[in-house]
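Bear in mind that the values in this text are calculations on the coordinates, not laboratory data. Keep in mind it's a predicted model, so treat the numbers as computed, not measured. Reconstructed Cβ throughout: ideal geometry from the backbone, glycine too, with neighbour counts over all protein chains shown.
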Amino acid sequence: MTLQSMTGFSRATGEIEGTSIAWELKSVNGKTIEIRLRLPPGFERLELGVRQALQKRFARGNFQATLSIGRTGGAAAQPVINEAFLKDLAGLAKRLQDQFGTAPASADGLLALRGVLEPSETQETEEIRAALDAAILSTFELAIAELVKARQSEGDALREVLLGHIDTIEALVAKAEADPSREPVSIRARLAEQVALLMDASATLDEGRLHMEAAFLATKADIREEIDRLKAHVASGRALLAAGGPIGRKLDFLAQEFNRESNTLCSKSNAGAITAIGLELKAVVDQFREQVQNLE
């Protein structure tokens, strides 16, 4: 299955019997699926169908869908002048002119006021309305298909970015695993040096007890388990990206696990080289998680 980003934009147009239809559809990141619609007055009846179409095709994202309806040239309806309203406005303008010296009202100014020009009433049968609604929803399906393509295209690019981050994580884990500071000889040398310093500082210390504590601390500082878990997470990440689909939440959880192991590796480290690797890991994991937020 392909991956989908949660960001994208599409536009689709259609026409039926002199009526033009245009849909604009865009989506951005979201924890769930949220839909905001902008429909012309009188077309609220389409809201349920539009929402169901989006919920059928997408799992996550904030969506905004805008419908524009117009009349093509030959079928444009002639507007009707609301003469009573126009007369009232003209009388009001004349009184304002006489009382306050305002500029006289112009015809084009009065005609531009809302409510003066009204669309002519058209006979819309149930059949005509049903055909128009079907055309609008069909055009919306085209917009959805284009949005899916846009989101998948960005999803393909995100897959490559995320795989690159996983490759970097794997390389850093291998570097930590092979670091000379983890060799038993190096560990013994560091511990022996530290014990010698402590014995020199205080002759009252129990040397046997001190060696036991040093061995305990060395065991506690071992990062073998963290390395093994990081390797397992790397394999899981690659498997999820290969499977595709709506895996954003799973990858976000995996990013948290990567971060937890990186923190533990840093806290348990008793060598500067391992600490440096752990800090690099944390930086890459942050980048990984930031990109994961864009996936459905």
How large are Rg and Dmax for the stretch 1-160 when only the alpha carbon atoms are used, in Å?
22.4, 74
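What full-extension length gain, to one decimal in nm, is calculated for D252 and R95 as 0.36 nm per residue of separation minus the Cα-Cα distance?
49.7 nm
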Unit charges at the beta carbon, dipole of the stretch 7-59: most positive-side option, L25, F43, T7:
T7
Leaving out same-chain residues fewer than 8 places away, which lysines sit with a Cα under 18 Å from that of K31?
K56, K250
With the Cα gyration tensor of the stretch 84-163 giving a ≥ b ≥ c as the square roots of its eigenvalues, does the rule (a/c under 1.5 for rounded; else a/b larger than b/c for prolate; else oblate) give rounded, prolate or oblate?
oblate
For S262, S20, what ranking results if the residue with the fewest other Cβ atoms within 10 Å of its Cβ goes first?
S20, S262
What is the extension gain from D156 to L113, computed as 0.36 nm multiplied by their sequence separation minus the C-alpha to C-alpha distance, in nm to one decimal?
10.4 nm
How large is the translational diffusion coefficient of the stretch 79-119 in µm² per second when you combine the Kirkwood radius over alpha carbon pairs with Stokes-Einstein at 37 °C and 0.692 mPa s?
312
Fully extended contour minus Cα-Cα distance, from A145 to R51, at 0.36 nm per residue
32.4 nm
For a Förster distance of 45 Å, can you work out the FRET efficiency between the beta-carbons of A276 and F9, rounded to the nearest 0.05?
0.60
